[in-house]
Each structure stands twice: as structure tokens, then as C-alpha cells.
Amino acid sequence: MKKLGKGILLSVAVLAVGGLLAGCGSKDEAKPLDEKKVTIGVTSGPHQQIIEEVARQAKKDDIEINVKSFDDYNTPNSALSDGDLDGNSYQTFSFLEQQVKDKDYKIESAFKTVAFPLGVYSKKITDLSKLQSGDKIGVPNDPTNEYRALKLLEEAGVLKLKDGVEVKATKNDVDKNPKNIEIVELEASQIPSQLDELAAAAINTNFAFGAGLTINDDAIYNEPLKDNPNYNVFAVRTENKDDKIVKEIKKYYQSDETKKFIEKEFKGSVVPAF
């Protein structure tokens, strides 16, 4: 009985170790995305419209792309990292890099999508040179987009940033502000609704569209419409970057059909980056 007991204990120990090792192996093993059905996160507006066009094309090949819309810039990446999304299409490459650095996400760019030139809008002035002392200007409060807005205001001669500032720059990095302009940091999606309370505001194109504003018709200052370095990307978890379905989505997204849709629908305010 004593020997039998030892044998049982030994067997249990072996099984326990084997199960632990098997568990570790399955955790590290990358699981490819479904080749016929995926969920893609976007921000509302142009990104959503473009992915819906991509989904329409994919449906012809019996591929189902479910589109999930968000109204902020942080949730789509956390949802992708947590496995609630299979991919997302809404952010600039520099924003993605900063998010990965700050939050240690295991996600990365799979391919380029479009560029959204950032614009400054106003219901009170027609030129930034007409700003008065103490006026308020709204800017996005998230990393990289606030930097883009501040750089745009710097190019327009409104302010001067400190030398050597990087993409995480905030209003605290303003070195010279001749008119003592008050920089108001706001959630990007909320800026259009606050425009009446501001002298001007830098608004991302997707949220500007939602408020009926376009760069060509309404912006009083904007980033270049051609060769814009702030291109957007389609992002996935690193383990899925080379999956078959990701390559299929890239094919639909970068098709001539999608390019024509973008050019017709957005008339230059959103431009293909591929």
C-alpha cells in the first residue's frame, strides 16, 4: 500500500507538470483570425464609411466584416489589445507608435490607409491673424494629435513651441505666445460641439465631417492635402499581422474601387495614403 501510494502521487505530479507545460504552450501559440468573419473597430465618420465600403466589396467573396464604431481615440486600441476586435482603422501611425510605447500593446500597423489633413475651424474669424489677445483655441487632448495641432498653430504664426519638443507635446510646451492665446485641451470628439465657445479650434477631419465641416469649404488653415506625413494605418495584434484575412482586407482597402470611393465621397479632405 505504501508503494502504491507513492506511485499515485508520482503520477499526479507528472500529470500536473505536463498540464502546466501544455497550458504554457497553448498560451504562446498564435491563433490566426477567422478567414471569413472579422470585427473591425473605427471612429465614426469617414473611417467608418470607408470600412463599410471595404466590407461591401468583401461580401462579394463571402467575407463578413462587422464594423464597430467608437467616439474616442483610446478605446479601439484597448479593445483590439483585449481581443474584442480583430483589427482597427482610425489612427495615425505616430499615434499608434505612442500608444504602443505608453501602454505596451502588442499591436502594430498592417498597412497604410488614408490621410486626414488636420484643419483649424472658426465661426468667429476668417483668418488666424485676426485672433485677439486672450482668445481661446481648442486642440485635441490626446498625444500626437495635440502635437499636430500645436505644430499647425506654430506654422500659422500663432505661437512658438520649445525647441526639441516631441509628439507628446502639450500646451505646457509652448515657448512664445505673443497674443496670450488660451489653449483649451479637449477630447477630440467633443471639439466641434464646443466651437461656438472658442475663437477657433483644430479639429480632426473625421469629427469635423460629423459636424458638417470640410477642409475645402470651412477650414481657415490646414495641413497639406498632398503627401501628408500623418498617414493612418490599419492595425492588428502583432501575432495576426500576416494572417490571410488581413491580406484580403488590405486588397479590398487599397483597391481602385475604394480609391475612387474616397475621392468621390470626400473631395480631397480625406486622401488615399497607399
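The values are calculated or read from the model by the stated rules, or taken from the named source; none is laboratory data. Bear in mind that the values here come from a model prediction, so they are computed numbers and not experimental data. Note: ideal-geometry Cβ built from the backbone for every residue, glycine included; neighbour counts use all protein chains shown. Accessible surface areas use protein heavy atoms only, side chains included; no ligands, DNA or RNA. Shrake-Rupley method; radii C 1.70, N 1.55, O 1.52, S 1.80 Å.
Some values worked out for this structure:
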read-out: Filter result for Val158 (modelled with pLDDT of 95 or more and closer than 27 Å to Gly83 by Cβ); value: no
read-out: Criterion: of a type in the set (D, E, K, R), modelled with pLDDT of 95 or more and within 14 Å of the chain's Cα centre (by Cα) - qualifying residue of Lys130, Lys68, Lys59, Lys103; value: Lys68
read-out: Qualifying residue in the stretch 205-218 (condition: assigned to a loop (DSSP other than H, G, I, E, B) and of a type in the set (Gly, Ala, Ser)); value: yes
read-out: Close pairs from the stretch 31-42: first part of a loop (DSSP other than H, G, I, E, B), partner at pLDDT 95 or above, Cβ under 6 Å, at least 6 apart; value: Pro32/Asp243; Leu33/Asp86; Leu33/Asn240; Leu33/Asp243; Leu33/Ile245; Glu35/Lys244; Glu35/Ile245; Lys36/Ile63
read-out: Which listed residue is β-branched (Val, Ile, Thr), at pLDDT 95 or above and closer than 16 Å to Ser44 by Cα, from Ile191, Ile183; value: Ile191
read-out: Number of positions in the stretch 50-74 that are assigned to a strand (DSSP E or B) and either open to solvent by 40 Å² or more (accessible area, probe 1.4 Å) or closer than 17 Å to Asp256 by Cα (or both); value: 5
read-out: Qualifying residue in the stretch 185-201 (condition: assigned to a loop (DSSP other than H, G, I, E, B), touching a residue at least 40 places away in the same chain (Cβ under 8 Å), open to solvent by less than 20 Å² (accessible area, probe 1.4 Å) and farther than 25 Å from Ile107 by Cα); value: yes
read-out: Selected residue (criterion: most open to solvent (accessible area, probe 1.4 Å)) from residues of the stretch 248-274 that are more than 20 Å from the chain's Cα centre (by Cα) and closer than 13 Å to Phe116 by Cα; value: Lys267
read-out: Those residues of the stretch 75-91 which are outside any helix (DSSP H, G or I) and not hydroxyl-bearing (Ser, Thr, Tyr), in sequence order; value: Gly83, Asp84, Leu85, Asp86, Gly87, Asn88, Gln91
read-out: The stretch 92-114 residues that are part of a loop (DSSP other than H, G, I, E, B), paired with ones that are aromatic (Phe, Trp, Tyr) (beta carbon under 6 Å, 6 or more apart); value: none
read-out: Exclusive hit being among the polar types (S, T, N, Q) and surrounded by fewer than 15 Cβ atoms within 10 Å (Cβ to Cβ), set Asn232, Asn216; value: Asn216
read-out: Among the residues listed as Val165, Val158, the single one being over 23 Å from the mean Cα position of the chain (by Cα) and assigned to a loop (DSSP other than H, G, I, E, B); value: Val158
read-out: Odd one out for Ala156 among (1) touching a residue at least 60 places away in the same chain (Cβ under 8 Å); (2) under 19 Å from Asp71 (Cβ atoms); (3) crowded, with 17+ Cβ neighbours inside 10 Å; value: (2)
